[in-house]
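The values are calculated or read from the model by the stated rules, or taken from the named source; none is laboratory data. As the structure is a computational prediction, the values presented were derived from the model and not from experiment. So basically every Cβ, Gly included, is an ideal-geometry build from the backbone, and we count neighbours across all protein chains shown. Surface accessibility is based on the protein's heavy atoms, side chains included, excluding ligands, DNA and RNA. Shrake-Rupley method; radii C 1.70, N 1.55, O 1.52, S 1.80 Å.
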Amino acid sequence: MSEARGEGRDQSGNLSFVVGCVDEDHRGSEEGGRIKNEGEMRKGEEEDDDKDDDSPPERQIVVGICSMMKKSKSKPMTQIMERLCKFEYITVVIFPEEVILSQPVDKWPLCDCLVSFHSKGTNQRFPLDKAVEYAKLRNPLLINDLNMQYYIQDRREVYRILQEEGIDLPRYAVLSRDPDRPEECNLVEGEDHVEVNGEVFPKPFVEKPVSAEDHNVYVYYPTSAGGGSQRLFRKIGSRSSVYSPESCVRKTGSYIYEEFMPTDGTDVKVYTVGPDYAHAEARKSPALDGKVERDSEGKEIRYPVMLSAMEKLVARKVCLAFKQTVCGFDLLRANGHSFVCDVNGFSFVKNSMKYYDDCAKVLGNMVMRELAPQFHIPWSIPLEAEDIPIVPTTSGTMMELRCVIAIIRHGDRTPKQKMKMEVRHPLFFALFEKYGGYKSGKLKLKKPKQLQEVLDIARLLLAELGQHTDCEIEEKKGKLEQLKTVLEMYGHFSGINRKVQLTYLPNGQPKASSEEEECPTEGPSLLLVLKWGGELTPAGRVQAEELGRAFRCMYPGGQGDYAGFPGCGLLRLHSTYRHDLKIYASDEGRVQMTAAAFAKGLLALEGELTPILVQMVKSANMNGMLDSDSESLTDCQQRVKVRLHEIMQKDQDFTEADYQKLAPTGSPSLVTSMKTIGNPVRTCDQVYALIQRLTSQIRRRLEDPKSADLQLYHSETLELMLQRWSKLERDFRNKSGRYDISKIPDIYDCVKYDTQHNATLDLEDTLELFRLSRALADIVIPQEYGINKAEKMDIAQAYCLPLMKKIQLDLQRTHEDEAVNKLHPLYSRGVMSPGRHVRTRLYFTSESHVHSLLSIFRYGGLLDEVKDQQWKQAMDYLSAVSELNYMTQIVIMLYEDNNKDPGSEERFHVELHFSPGVKGCEDEENVPLGFGFRPASAENQEKQTNQGSLEDLSQDETDRALSLSEPISIKRSPMIRNRKTGSMEVLSETLPTSSKGTSYRLFPSCSCQSPEIKQTGLGFEGCSMVPSIYPLETLHNSLSLKQVDKFLNAVCEHSSDAHAKTMKALSALFDTSSQGYSQTHTYPHPPKALSSSETPVRSPECPLWYSSGPSSTVFSGRSSSPTSVNPDKNFSFSE
């Protein structure tokens, strides 16, 4: 959106606006693009009369703004009207307040369309009667019906209309203190309840004046909670309510009494623009503590929420029932349902550029659609390209995008750290029992209260052990000291920072290695695993947000009005209810925050990540779909680890037999790493020596007074860094001189982190340590998920079965579940395909799931490399990828070819894409090259833009999340402007195009900064350089849905059979134990994500790819995550 060229006053002092136009062809006459007042209108009419003899001027449609001046001149109104003037044939005139208040209606300015609404001025009320009279006299098109505004001023009428429309609202009763209606004034007040006309309301309940203009709403609390009441009022400064000890209800005036809805402290404000567009924001409930949360600019903090399908239907009903095109209303989300508790009438969203654009666009098209024909204005209803998500396929035909499924690894994190110890003290067993550990044999403690209890036990045991000098106890004392130290870090608890896992061992822990003296004590014990670190870093947040922003470009439809900026097709899908999005994440804090940051970038949101996480990311009770319990390895994994350790403990160069044992698949990346290592023990010796050198350097730095206050990346200190490396030094080589190969990933993790984030320390030999540990890690990490193909599949299926089933359902339901269409009646005009929805499912998880899922696609038999050349090239590319780094993505895209028969196998078309995530610190020149994103696609030859009626929106502020100034060391993402967004392209500086045809890199090759990260002179708060992310590469672009479904079926069936056998063996094993935990790997209830409501409805005789029409399944507002999104805090996706 271009800025206004000027804002000034004419000779009479009246306010006028001039809005600049980018394209000369769209400027129109000199008067075009002005918001005029009454004097200018009359002057313009006289000038038009003088010109009649020359050439007939283009007829302008005049939109009149008739409201109190405070509203007419408000920022939202000004922003929207400026955008409305971008329509070539629309002129806006503002009715002066003095004219509205003092002049008869026949003296008011003429207009063809009237925007008029009731409000209170500074000293006077808006004369609604006169506005009604004017509408009768001039008969303009009304944006908001005027007669219905009388009803909106009375809460009794509002509730009556809501009830008639079948909209849920809180249970209520009306107390009318009207002498003419004494039967409506029966009030009985008790200590903890009131009875109104026979309806009993226990406290807490709400008391609202019947006049909607009276904002003095009271909430009364029960005596068990302390009694008293919270008194709400229209915001004054930073207060919106105060607590009062008064517990008795008001004895004068008429009120509505209703039950209090437990909303967890948030209210949802919904803003409609016509029946098919709604924007939703949540704010802290004024009843919570009365303090208005404001940001640094003094604005009330609100954050975007997604409306469920049922809530979107409610928005439509409210808009139509009250005949208010622009309408605000309040939603309360409680007990799994949504209730409307207030309808405010004409109301705009504040401070959302995207909303201003969309609102102006909807209103402008509405006005032109209704009035252009009768004024013979040459205007055609735009059938915009983004209304139906069509793209050219790689074979040149046009297909419609129906589904995007992405599995994404979390972003950059601090090094993960872990400590294991066996415990037998009764206090630990008591804690285990207290939190239900015996039900499954496992317990995960993350809540502050739980961690405090563990810390208390550690402190108590250390006090008891203080006098003992026994060697064994001393060793245990060291572990307890570490437990205490870690739990005392930061001075407060956070589940994202630390967690404790307890696993029941019926016969104690078996002897792990020869270094352990004496036989372990008999009897049951608990394995305590303490984990800390692993937090998402500021760089990780930036990576995720930038990737989310780039992901928009996968969705076609950047033409027309939004031609100039990337991903607007996706944002428009949100705002018009045609995007069905769900975001899932594992329960790890870093994974959840990655998902939230990605959502922020994807949906052009603003503000902090926490509210986005709460509203948009499903993470609770995933039943293993995205979580993996690394402490309970499968038998196959145990065997693989043993073999891996044996091979890596040989003090000799790798032999040909070792290559056969360790790299039977012949993976080039694996072979290269083995050649780099040569002798694994000698390489481990070098790594150990380099770690010792590193710790001694850090110790010297610590002794240097200049380094006393040195702050490392992400608030780490030198002391914490030393603890991190000292622990690795202790754990990597045991007393017998053997190396613990399982520590190699941790070493690589730490050195990668320090090389990237703490390079300013200039520690010697870190790059050599990075090189050697990376070579070791490139062998150990991927091979832990299986050495040969059979093992890789076995382990992958153990991790990924629930996720694979969910992906299969996602692909099936895309074309079978059209129930959402029934919730939103068809757009009558202007949209080519109102019933179409793009389904997006995003799964954020950890490295294990990404490795496993990739193994399934590689080794599960999807395609035959011998027969399919494209698949062979893809497999060669994947074999050359050595590391699945942070932000690794596996993307599945489903298209529908509407020209094919609905029962044909060619109707649905699947593409598989992959990116290895962020670029490493070194040797990037050796990275394997893929073939680009959707190579040889016809879309890549189409570069022309299709300009629409709001051409100037190409300069809009969609990417407001980007900072205005860049740090020196970080370049802005090369987002393409003024190109077809449907071609899913973003420039890449170095990577070549495919020989098969023109291909474009989808994602940016460098990252930019997030506004929530503080800037310093050289970049983010301690963030020197955010590594860029490799672009998506197409693995295959001509799969049929039948092919993919058959493959997924086979994988899931094989995995289920193996799983059943494992469970049978486990059950037999645990039956012999007094403390069995047979539920460890079983699902006593079906996984939530795979519930029956997600099962597609399809007759058995129909093939999978046959579109069977609408499903009978409709999601209610009870879903665990809301699902509707409009861009820049505008949300609307169907559940």
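Count Lys and Arg as plus one, Asp and Glu as minus one, and take only other residues whose Cβ is under 11 Å from that of Phe428; the net charge is then -1. Protection proxy ranking for 213-222, 233-242, using the average of other Cβ atoms within 10 Å per residue and placing the highest first: 213-222, 233-242. Distances between placed amide hydrogens fall under 5 Å for His193 paired with Lys203, all partners being 5 or more residues away or on another chain.
Between their Cα atoms, which of Lys444/Lys919; Lys323/Lys350; Lys499/Lys1046; Lys867/Lys900; Lys675/Lys872; Lys120/Lys251 are more than 30 Å away from each other? Pairs exceeding the cut-off: Lys444/Lys919; Lys499/Lys1046. Given +1 at the Cβ of Lys and Arg, -1 at the Cβ of Asp and Glu and no other charges, the dipole of segment 717-819 around its Cα centre is 420 debye to the nearest 20. Dipole magnitude for segment 60-207: computed about the Cα centre from +1 point charges on Lys and Arg Cβ and -1 point charges on Asp and Glu Cβ, it is near 1020 debye. Between Ser1040 and Val910, the built amide H atoms are under 5 Å apart, and every one of these is 5 or more places off in sequence or on another chain. Peptide packing: for 188-194, 176-182, the average count of neighbouring Cβ atoms within 10 Å per residue gives the ranking 188-194, 176-182, highest mean first. Taking a Cβ cut-off of under 13 Å around Lys70, the surrounding Lys, Arg, Asp and Glu residues balance to a net charge of +4, with basic ones at +1 and acidic ones at -1.
Taking every DSSP beta bridge that has both ends in segment 163-263, the antiparallel portion is near 100%. Legend: residues Lys350, Lys618, sorted from most to least accessible area (1.4 Å probe; ligands, DNA and RNA excluded), read Lys350, Lys618.
Taking amide H as placed 1.01 Å from N in the peptide plane, Glu246 has its amide H under 5 Å from the amide H of Ser229, each at least 5 places away in sequence or on another chain.
Per atom type, segment 113-227 shows carbon and sulfur on 45% of its accessible surface, probed at 1.4 Å.
Rolling a 1.4 Å probe over the protein chains gives Leu142 an accessible area of about 60 Å².
For Glu535, the solvent-accessible surface with a 1.4 Å probe is about 40 Å², rounded to the nearest 10.
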